Amino acid sequence: MKLNCDLGESFGSWKMGLDDQVMPHINMANIACGFHGGDPDVIATTLTLAKKNNVTVGAHPSYPDLQGFGRRSMALTTSELTNCIQYQIAALEGMAKIQGLTLSYVKPHGALYNDMMANNDVLATILSAVASYPSKLKLMILATNQADKHIQLAKQFNVELVLEAFADRQYTDEGHLVSRKLDGSVHDKPAILAQVKQLLQTGSVTTRSGKQLMLNAHSLCVHGDNNDAIELIKEIKALCD
């Protein structure tokens, strides 16, 4: 199970996350492209860290919502959303090429990620944007009980999917993440480690209602926002190795 983490989300003098401490313990870095976080200096620094630690690089595009950290949905037309995504991919890929790195995949951020999983039209637009981009890229989406349908849709665009699970989030019976507004939606450390072990051993998670849900996940999302999170990532990494 490969570990992925959202990184490069600092902006100017505002610092987000402990990227330098996270990078040695993950396999895939989802790097912000400037629309919800990140700037040219942060992008360059994050790519340098990825190169140093031999971490696979992915673009982490969002709605153009720097003030809201990409957490607010926006009513964009199909062409506007396509251009928005491809613009961000191109920015990160260009910066990566300067350092001799190859961009491998795209993982939408925040509200765009949630909208993609809730609305097939948004997902299709993102798949089309990735498919029509000159470089061959994969798309990372949430592993749910609709994974087979998502894979079939992606095949229509000739895009390979990377299905991800979350170590620290509680799941609905359909495989969606329980809203952060609800108590217990974010697991504590023992529950996180238990969920990771269950995913590794059985390929399943226990949902909020107590059901076992099979998730054919290729990657596990972790977060490195503080020192405790870094230590937790180390423990998760040890379980995956």
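List the relative contact order of region 100-156 as a percent without decimals, with contacts defined as Cα pairs under 8 Å and 6+ residues apart.
Reported relative contact order: 40 percent.
Show log10 I(q)/I(0) for region 21-103 at q = 0.11, 0.17, 0.22 Å⁻¹, two decimals, from a solvent-free Debye sum over equal Cα scatterers.
With no solvent term, the Cα-only Debye profile gives -0.30, -0.67, -1.00.
Roughly how big is region 51-124's charge dipole about its Cα centre, with Cβ charges of +1 (Lys, Arg) and -1 (Asp, Glu), in debye to the nearest 20?
For region 51-124, the charge dipole is close to 400 debye.
Once the whole set of protein chains is in place, how much accessible area is left on Arg180, using a 1.4 Å probe, in Å² to the nearest 10?
Answer for Arg180: close to 150 Å² accessible.
Roughly how many Å is it from the Cα centre of region 102-147 to that of region 172-241, as a whole number?
Cα centroid of region 102-147 versus Cα centroid of region 172-241: 21 Å apart.
Report the far tail of the P(r) of the chain, meaning the percent of Cα-Cα pairs longer than 31 Å.
Percent of Cα pairs beyond 31 Å in the chain: 18.
For the chain, what % of the accessible area comes from carbon and sulfur atoms, probe 1.4 Å?
It is 50 percent, rounded to a whole number.
Below 8 Å, C-alpha to C-alpha, sequence gap of six or more: please give me the relative contact order for the chain in percent. Spell out each step's value before the answer.
Details: 460 pairs, mean separation 46.3, N = 241.
Relative contact order, the chain: 19 percent.
In Å², what does the accessible area per residue of region 80-227 work out to with a 1.4 Å probe?
47
Relative contact order for region 132-179 using alpha-carbon pairs under 8 Å, separation at least 6, rounded to a whole percent?
Rounded, it is 41 percent for region 132-179.
Expressed in nm², what is the orientationally averaged projection area of the convex hull enclosing the Cα positions of region 15-156?
That works out to 8.5 nm².
The values are calculated or read from the model by the stated rules, or taken from the named source; none is laboratory data. Nothing here was measured: the structure is a model prediction, and the numbers come from that model. In this analysis, Cβ positions are derived from the backbone assuming ideal geometry, glycine residues included, and neighbour counts consider all displayed protein chains. Accessible surface areas use protein heavy atoms only, side chains included; no ligands, DNA or RNA. Shrake-Rupley method; radii C 1.70, N 1.55, O 1.52, S 1.80 Å.
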